Amino acid sequence: MNIFAALRTALRALRKNKLRSFLAALGIVIAVAAVIATVAIGEGAKAKVADQMASLGSNLLMILPGSVMQHGAATGAGATQNLTRDDAAAIEKELGGPVAAVAPINRTGAQIIYGDANWFTQVVGTTPGYLAVRGWPLADGEAFGREEDAAAAKVCLIGQTVKDKLFGDSPAVGEQIRVRHVPCKVVGVLSAKGQSSWGQDQDDVVLMPWTTLVRRIIGSQSDAVGQLMVSARSPQSVSEAQREITSLLKQRHHQSEQSEPDFQVRNLAEMQNAAQEQTKTIALLLGSVALISLIVGAIGIANVMLVSVTERTREIGIRMAVGARGRDVMFQFLTEAVVLAAVGGAIGLFLGTGVAKYMAIQAQWPTLLSPPVMIGTMILAGLAGIIAGFYPALRASRLDPIDALRFE
Amino acid sequence: MSSRAAVVDTQGIEKVYSMGDMKVHALRGVSLRIEAGEFLAVMGASGSGKSTFMNLVGCLDRPTAGAFLLNGKDVSRFSRDQLAGVRGREIGFVFQGFNLLPRTSALENVELPMLYQGVSAKERKKRASEALARVGLGDRVDHTPAQLSGGQQQRVAIARALVNRPVLLLADEPTGNLDSQTSIEVMAIFQELNDQGLTILLVTHESDIAEHARRVVVFKDGVVLSDRPVQKRRIARIQLAAEATG
């Protein structure tokens with residue numbers, strides 16, 4: 001019996017008992033739909049996390065002042081101000097291989113005023129490298145350069161939120177704003193970056209040259225830097241950059257190679273990996289739930305196939321009398337079980353896709369339909385059909401033709 | 001060589017059924033030859049062993065002892081699958097209860113034996129249509145068994161039995177579920193097929209049906225009681241003509 005004849009026979013047999021066939025396949029329908037929908041939602045969440053990670057900057061390393069020993073007592077992390085502009089310059093100058101850009105960062109909160117409008121925001125003092133590190137293009141105007149930083153020029157870039165609060169719809173570039181009474185010319189507007197992964201509005205910010213912020217706004221003569229942001233040249237060079245920076249800074253801070261560094265180098269790629277590990281665990285969990293529901297679905301099919309074999313004993317007898325071998329009968333019932341599972345799988349695929357799309361539109365959940373998962377789930381459903389159909393088909397194939405023909 | 005062999009040649013076949021501790025001897029050594037072109041009727045009361053004989057000759061079962069040569073080939077030690085192949089290629093079955101697949105068209109019922117012989121779909125359809133035309137049902141190919149009378153259903157079954165061009169047609173009480181008029185019509189088809197050279201083995205308990213054959217074998221208690229040619233053979237076609245006129 002070839003596959004087409006077997007398929008036709010299977011479809012006809014299943015059509016004769018539409019409701020029963022549907023109920024038998026329902027388990028598989030639900031299992032497949034659940035897998036498709038949950039994976040789509042999970043993948044969507046994963047993609048969103050990855051997106052947020054990327055919005056921080058690519059291949060990012062953060063260098064923070066660390067703990068130092070003072071008379072035998074360790075201070076907490078960040079208690080010292082032992083990172084300097086010179087450290088930043090040294091990294092930029094000496095580690096041009098693995099490092100793409102370096103940005104020293106100091107922050108302060110400040111009231112900013114334009115005309116009648118005023119707003120309290122975070123002011124970040126940094127170098128032109130900051131925009132490269134964060135991967136943050138301008139929406140309007142031009143960035144400040146090294147000369148402005150060296151001269152402590154009274155210029156700034158403003159985020160979208162700040163622009164909206166102070167300027168509304170009118171253009172901001174070229175206007176003068178006051179930052180803590182220091183007049184500053186807006187030279188550019190940053191493009192919108194949205195919320196950070198922890199919900200902070202990244203666009204509520206004013207950027208200005210580091211020297212301008214520290215010398216003019218804060219009024220400090222110190223060279224201490226709050227933190228350094230470094231972007232490595234590629235994902236592969238992140239670890240190398242981390243190693244080299246650690247080594248270089250230790251040298252500059254007169255520390256031995258073996259000692260605990262008085263700064264910290266944080267690798268955001270590692271954080272991203274951790275996040276991905278987490279989603280892997282969730283995927284594994286979803287996978288096992290899916291497997292269990294597939295098993296339940298397979299049991300439903302096996303049950304119906306057993307009933308079907310008993311009901312159709314006479315048919316099996318007739319087929320054997322006219323020349324069907326055991327394997328022909330087995331093939332016929334296996335095909336029926338697989339068709340049942342595959343139809344259930346197809347309905348489930350359709351349903352699951354629908355649910356995922358509905359979630360995306362109605363609940364604003366990001367969903368991502370993954371073709372490999374869809375195909376894999378369908379294969380699993382077919383496999384469930386084979387496993388479910390095996391015993392009933394085996395029983396059918398082992399019937400004695402004489403007994404089967406006599407069966408009422 | 002094989003053309004000269006008998007279609008059926010049983011050599012002292014025995015069949016013993018074990019029912020718990022009891023052993024039932026259904027056949028106690030039956031030797032019977034059926035030559036090509038014969039029309040043999042097997043008679044006997046229930047429990048005489050005629051059904052067991054029919055199952056063995058039909059390759060649905062294997063003898064406990066003795067040899068069975070079908071068309072010169074000893075099939076008594078064949079495996080289940082080998083027997084299935086022999087049934088499909090060399091034997092056509094007609095049963096008392098018609099044994100058609102319900103809710104399946106006449107054409108597809110007749111196609112069924114070819115499904116297991118690897119015949120192409122096109123060829124299947126062609127041969128099934130021809131076989132149905134041969135039994136006078138050329139205009140009923142799309143009817144399901146429920147839409148056909150008993151006589152028509154049995155003719156579909158005969159078409160199905162013929163479609164793989166078997167060497168032997170086995171009919172097990174083919175008229176058991178039919179009225180006398182329809183019975184004669186079915187016997188007319190058998191006689192016509194036999195006249196064309198087909199070997200037929202008919203199992204029946206009705207002597208007037210058996211008289212349509214050329215030779216009658218009577219079974220009793222698992223052995224052959226008598227084996228003789230039919231003296232006054234009934235010709236179904238003449239009976240039908242007589243009924244039509246009178």
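Coordinate-derived values only; no laboratory data. Note that the structure is predicted; figures quoted are calculated from it, not measured. Note that we place each Cβ from the backbone using ideal geometry, even for glycine, and neighbour counts take in every protein chain shown.
List, in order, the whole-Hz ³J(HN,Hα) value for each residue of region A:279-294 obtained from phi through the Karplus relation with A = 6.51, B = -1.76, C = 1.60 and θ = phi - 60°; use x for Gly and Pro.
With the stated coefficients, region A:279-294 comes to 5, 4, 4, 5, 4, 4, 4, 4, x, 6, 4, 4, 4, 5, 5, 5 Hz.
If r is the Cβ-Cβ distance from residue A:15 to residue B:192 and R0 is 45 Å, what FRET efficiency results, to the nearest 0.05?
Efficiency at R0 = 45 Å is approximately 0.75.
Skipping prolines and chain starts, which residues have an amide H placed within reach, meaning under 5 Å, of the one on residue A:84, given they are 5 or more residues away or on another chain?
Answer set, sorted by chain and number: A:225.
Measuring from label point to label point, each 7 Å out along Cα→Cβ, what is the residue B:143 to residue B:227 span in nm?
Spacing of the two 7 Å Cα→Cβ label points: 4.1 nm.
Hey, any idea what Rg/Rh is for chain B, computing Rh the Kirkwood way over Cα pairs?
Result for chain B is an Rg/Rh of 0.97.
Any idea what the relative contact order of region B:2-245 is, in percent, if you count C-alpha pairs under 8 Å spaced at least 6 apart?
This gives 26 percent for region B:2-245.
Starting from the Cα of residue A:279, move 7 Å in the Cα-to-Cβ direction to define the label point; list residues of region A:171-214 whose amide nitrogen is under 20 Å from there.
The answer is A:194-200.
Give me the lysines in straight-line cross-link reach of residue B:50: C-alpha distance below 16 Å, same-chain residues under 8 apart excluded.
Cα-Cα hits under 16 Å: B:15, B:220.
Could you list log10 I(q)/I(0) for chain A at q = 0.07, 0.10, 0.14, 0.15 Å⁻¹, which the Debye formula gives when each Cα is one point scatterer?
Values, matching the q order: -0.56, -0.78, -1.15, -1.24.
If you average over every viewing direction, what projected area does the convex hull of the Cα atoms of region B:1-138 give, in nm²?
Over every viewing direction, the Cα hull of region B:1-138 projects on average to 10.8 nm².
Starting at the first residue of region A:298-310, write each ³J(HN,Hα) from the Karplus equation 6.51 cos²θ - 1.76 cosθ + 1.60 with θ = phi - 60°, in whole Hz, x for Gly and Pro.
Per residue, the Karplus-derived 3J(HN,Hα) values read 5, 4, x, 5, 4, 4, 5, 5, 5, 4, 4, 4, 5 Hz.
Checking the cross-link filter: which lysines have an alpha carbon closer than 28 Å to that of residue B:125, excluding same-chain neighbours under 8 positions apart?
Within the straight-line limit of under 28 Å, residue B:125 reaches these lysines: A:16, A:18.
Quick one: Karplus J couplings for region B:203-219, per residue in order, coefficients 6.51, -1.76, 1.60, θ = phi - 60°, nearest Hz, x for Gly and Pro?
9, 8, 10, 9, 5, 5, 6, 4, 6, 7, 7, 9, 9, 10, 10, 10, 9
I'd like the distance between the alpha-carbon centres of region A:243-307 and region B:100-138, rounded to an integer number of Å.
62 Å
Over all directions, average the projected area of the Cα convex hull of region B:152-198 and note it in nm².
3.1 nm²
Please compute the average number of Cβ atoms from other chains found within 10 Å of each residue's Cβ in peptide A:310-323.
Taking all residues of A:310-323 together, the mean is 6.
What is the mean number of Cβ atoms from other protein chains located within 10 Å of the Cβ atom of each residue in peptide B:112-121, rounded to a whole number?
That average works out to 5.
Set the Förster distance to 56 Å, then compute FRET efficiency between residue A:361 and residue A:255 from the Cβ-Cβ distance, nearest 0.05.
Rounded to the nearest 0.05, the efficiency is 0.50.
Over all directions, what mean area does the Cα convex hull of region B:22-72 project, stated in square nanometres?
4.2 nm²
Please list, or write none, the aspartates and glutamates whose alpha carbon is within less than 15 Å of the alpha carbon of residue B:73, excluding same-chain residues fewer than 8 places away.
Here the aspartates and glutamates satisfying the reach criterion relative to residue B:73 are B:9, B:35, B:90.
Quick check on chain B: helices-only [θ] at 222 nm, where DSSP H runs of length 4 and up contribute -39,500 (n - 2.57) each and the sum goes over total residues. Nearest 500, please.
Theoretical 222 nm ellipticity from helices: -10500 deg cm²/dmol.
How do the peptides A:112-121, A:95-104 rank, highest first, by the average count of neighbouring beta carbon atoms within 10 Å per residue?
A:95-104, A:112-121
Shielding by partners for B:91-102, please: the mean number of other protein chain Cβ atoms within 10 Å of each residue's Cβ.
Mean partner shielding for this stretch: 3.
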